[in-house]
1. Quick check: is even one residue across the range 43-59 over 22 Å from LYS88 (Cβ atoms), of a type in the set (Asp, Glu) and assigned to a helix (DSSP H, G or I)?
2. Of everything in the range 183-204 that's without any contact (Cβ under 8 Å) to a residue 12 or more places away in the chain and not in a loop (DSSP other than H, G, I, E, B), which residue is least open to solvent (accessible area, probe 1.4 Å)?
3. Looking at TYR71, is it of a type in the set (Phe, Trp, Tyr), at pLDDT 95 or above, within 16 Å of the chain's Cα centre (by Cα) and more than 21 Å from ASN202 (Cα to Cα)?
4. Filter the range 18-61 for residues that are more than 28 Å from ARG76 (Cβ to Cβ) and of a type in the set (A, V, I, L, M); which is surrounded by the most Cβ atoms within 10 Å (Cβ to Cβ)?
5. From the list LYS336, LYS306, exactly one residue is open to solvent by 50 Å² or more (accessible area, probe 1.4 Å) and touching a Leu at 6+ places or on another chain (Cβ under 6 Å). Which is it?
6. I'd like the residue in the range 108-131 that is hydrophobic (A, V, I, L, M, F, W, C) and more than 22 Å from the chain's Cα centre (by Cα) and, out of all such residues, is surrounded by the fewest Cβ atoms within 10 Å (Cβ to Cβ).
7. Of all the strands (runs of 3 or more DSSP E) wholly in the range 287-369, which have at least 2 residues that are closer than 20 Å to GLN246 by Cβ?
8. What do you reckon, is THR270 in a loop (DSSP other than H, G, I, E, B), open to solvent by less than 60 Å² (accessible area, probe 1.4 Å), in contact with a strand residue (DSSP E or B) (Cβ under 6 Å, 6 or more places away or on another chain) and in contact (Cβ under 8 Å) with a residue 60 or more places away in the chain?
Amino acid sequence: GVAEFKEIALSRLHDQMGFYINDEGVVLEHSAEYHSHGVQLLGMALRYMTLLDIPVPPSWIDKYKKSKEFYAAIRRPDGSLPMFGDTKRNIDPLGVMLTTVGSDNRASRLERDSSLRPASAKSLYPAAGYTVWWDGLENWGNGQPLAQTVVTWSYFPGHGHKLADEMSVILWADGQPWWTNVGYWPYGYQGRKEALSWLGSNAPHVLGESAGSVRETSLRYLGRSNGISLIDLQRNGPVGYQAQRQVVHIEPDLWLIIDHAQDSKHRDSTHTWTAYPGLRISADSNTNGFFLQGPASATRLFTYFKTANGTSVEHLRGSADPFAGWIVTENRKISKADAFVVRRPSDGTWSLAVWKLVRDGGDETFSSDPRMLDWRDGDNWHVSLPMSAGTIEIRRKGERLIVSDEKGNGRDKSLVLTKGPDVSPDVARTHSNFAAANAKYEKRRDLREYRFKVTYILLALFFLQELLFFVFRRFQGKARGGLRIISALSWVGLGGWLTFVYFVT
């Protein structure tokens, strides 16, 4: 049956390649780790096809080459990955097994490539829903300052390993994770349901929103020029709720994140910033902000949070109710971490986060609190950042972002924003291919909850039966024997119904 099984495998792989990995080369499993795993599996498939002299479709080769590029973009020099989706905090310096497809369209033997590095400082995958920014890419591998910013808005309903994390931001710099999502929460551990929900990421959401809510996130605007980058995302849903997040990065060490939400109902919008475990927190003497510092680095990260309505930002650590301040670290260890819960009405008001890396014992920090000088809406605002070396003014006017920096001789830098590309045809094609495969193949129902429920009911019936037999123990002879026969037949009938009817239909 070898030939038959080979054809079955190829047929199924053809179906899966239509939705497992898109034309940008991203494995659509909502997870950095499952992308790296998928890259290795795809490489194995291409190698097997080469050994079997089966022609590899050119579109597969193109997808595989791009998948390696995305893997290189998200992978850090120590081999760790940004913790979005089901991703563990693993350090893997050698990386996964990779193949190279030559001009003859044949795949070479799989090998590890520890020299893999990002091809570009700024990478965008609009259909898959990711962007990756690198600062100091020229310092790769030499121990000099290097930072990675990852923003995710990927959501393909039905695909695996999804955590509710659209519009979340993950920051890594100088060998240290700073702001991150919870990561892979082991099955069977208390808190898994909360970790898979919005509470496990820093994404804005409705207070109490289900991880399975109906929503869609789109890339509104983006831009990069003169050392300034901006990405503007908008999420619609659940019904009546609309959230916008803008991430502004002034290279190489300053980040500004502005959130605001509107709603047709009177609800609160919230999000939780979670720092990686082991970071020390100290107050800033000049502002209401604070510093984060790693255990083995002189680099510090200034952090400041502010909301329009003046509500306080709640600082939690290892909290069960509300769920906040947890990260899964090496070896699936669930560790306490510092978390900052931002909550405000979803009435169009804003919230602000400012991060500034201070390296090599530098003292360039903030002289006073960052301020929102003017707020009209998400496309028109003005923020002031009073730095010790001079104030930085950041203004957005529709499709332009203007940065004025006193220490830069007062010269304005202007960034023209472009609308995000229309990815609806690509996304629709992925959904269509997924739906076609989903309808084609037999599926197994997840019956765990039903089996647990039935087990409890059967145990209760058994104990009730034995209680009745105990009460009527005075009956002897045929009466008692008849009851036992009726009981046995009832159990057989119930078992047959559960097996052939209840768990099937």
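1. No; the residues of the range 43-59 include none that is over 22 Å from LYS88 (Cβ atoms), of a type in the set (Asp, Glu) and assigned to a helix (DSSP H, G or I).
2. Checking each candidate, the answer is ARG192.
3. Taking the combined requirement at face value, the residue satisfies it.
4. So, considering only residues that are more than 28 Å from ARG76 (Cβ to Cβ) and of a type in the set (A, V, I, L, M), the one surrounded by the most Cβ atoms within 10 Å (Cβ to Cβ) is MET49.
5. LYS306
6. ALA119
7. 300-307, 338-345, 347-358
8. no
The values are calculated or read from the model by the stated rules, or taken from the named source; none is laboratory data. Because the structure is a prediction, the values reported are computed rather than measured. Ideal geometry is used to build each Cβ from the backbone, glycine not excepted, and the neighbour counts take in all protein chains shown. Remember, those area values only see protein heavy atoms, side chains included, never the ligands or the DNA or RNA. Shrake-Rupley method; radii C 1.70, N 1.55, O 1.52, S 1.80 Å.
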